[in-house]
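Below is one structure, written out as structure tokens, with a few remarks after it.
The values are calculated or read from the model by the stated rules, or taken from the named source; none is laboratory data. Keep in mind the model is a prediction, meaning the values are calculated, not measured. When we count neighbours, we look across all protein chains shown, and the Cβ atoms used for this are built from the backbone with ideal geometry, even at glycine.
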Amino acid sequence: MKRGGSVSGAVSLVMIFCVLCLAIFAVLTYATAQREQKLSNVNAQLARDYYEADTKAVQIVSDLKAGKEPTADFSKEETEFGTTYSFSIPAGGEQTLSVQVAIDGGECTILRWQTVYVGEWEPDYSLDVWDGEDLF
């Protein structure tokens, strides 16, 4: 009996194809993992910056409630809620933590405690849309 070499050739081609596919998937997985690590580092830094700003804001509100003048820049006005204090603290990146509290005697009411984007917004007009003319 003669044995043909075509079966072993086909198996070799399938093996080469499988190895190439696995190598490509390995490279893509590694690249994705690196991008995800960079993104998680940025998110972790932004979270640290926010919670540092939050801690400073809590300390300022605590000082205001105790009757001390805080060291931060703030605005003060008399409203129906009592004495209203407003201040902002940088919260990482292009965000600030904007706080507004009303203190009436020993009672503190939080009117606003939110992050605000303070960066410059630039619209992107680079999208070329077909205007219906010049088809060919």
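For residues that are acidic (Asp, Glu) and assigned to a loop (DSSP other than H, G, I, E, B), tally how many sit in segment 58-83.
Residues flagged as acidic (Asp, Glu) and assigned to a loop (DSSP other than H, G, I, E, B) within segment 58-83 amount to 3.
Flag: Arg48 matches the condition of being under 20 Å from Gly119 (Cβ atoms) and either out of contact with any Ser or Thr (no Cβ under 9 Å at 6 or more places or on another chain) or in a helix (DSSP H, G or I) (or both).
Conditions (1) loosely packed, with under 13 Cβ neighbours inside 10 Å; (2) hydrophobic (A, V, I, L, M, F, W, C), marked per residue:
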{"site": "Gly93", "(1), (2)": "no, no"}
{"site": "Thr96", "(1), (2)": "no, no"}
{"site": "Val101", "(1), (2)": "no, yes"}
{"site": "Cys108", "(1), (2)": "no, yes"}
{"site": "Gln114", "(1), (2)": "yes, no"}
{"site": "Trp121", "(1), (2)": "yes, yes"}
{"site": "Asp131", "(1), (2)": "yes, no"}
{"site": "Asp134", "(1), (2)": "yes, no"}
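Evaluate the following for Thr55: is it among the hydroxyl-bearing types (Ser, Thr, Tyr), modelled with pLDDT under 95, under 25 Å from Tyr117 (Cβ atoms) and surrounded by 10 or more Cβ atoms within 10 Å (Cβ to Cβ)? Against the criterion (among the hydroxyl-bearing types (Ser, Thr, Tyr), modelled with pLDDT under 95, under 25 Å from Tyr117 (Cβ atoms) and surrounded by 10 or more Cβ atoms within 10 Å (Cβ to Cβ)), Thr55 does not qualify. Selection of segment 88-124 for residues being on the phi > 0 side of the Ramachandran plot and without any contact (Cβ under 8 Å) to a residue 40 or more places away in the chain yields only Gly105.
When the criteria are applied in full, Leu111 fails the requirement of being at pLDDT 85 or above and in contact with a helix residue (DSSP H, G or I) (Cβ under 6 Å, 6 or more places away or on another chain). A single entry from Ala53, Ala31, Ala26 fulfils the requirement of being closer than 30 Å to Thr109 by Cα and assigned to a helix (DSSP H, G or I): Ala53.
Just one of (1) modelled with pLDDT under 85; (2) in contact with a Gly (Cβ under 9 Å, 6 or more places away or on another chain) fails for Lys65. It is (1).
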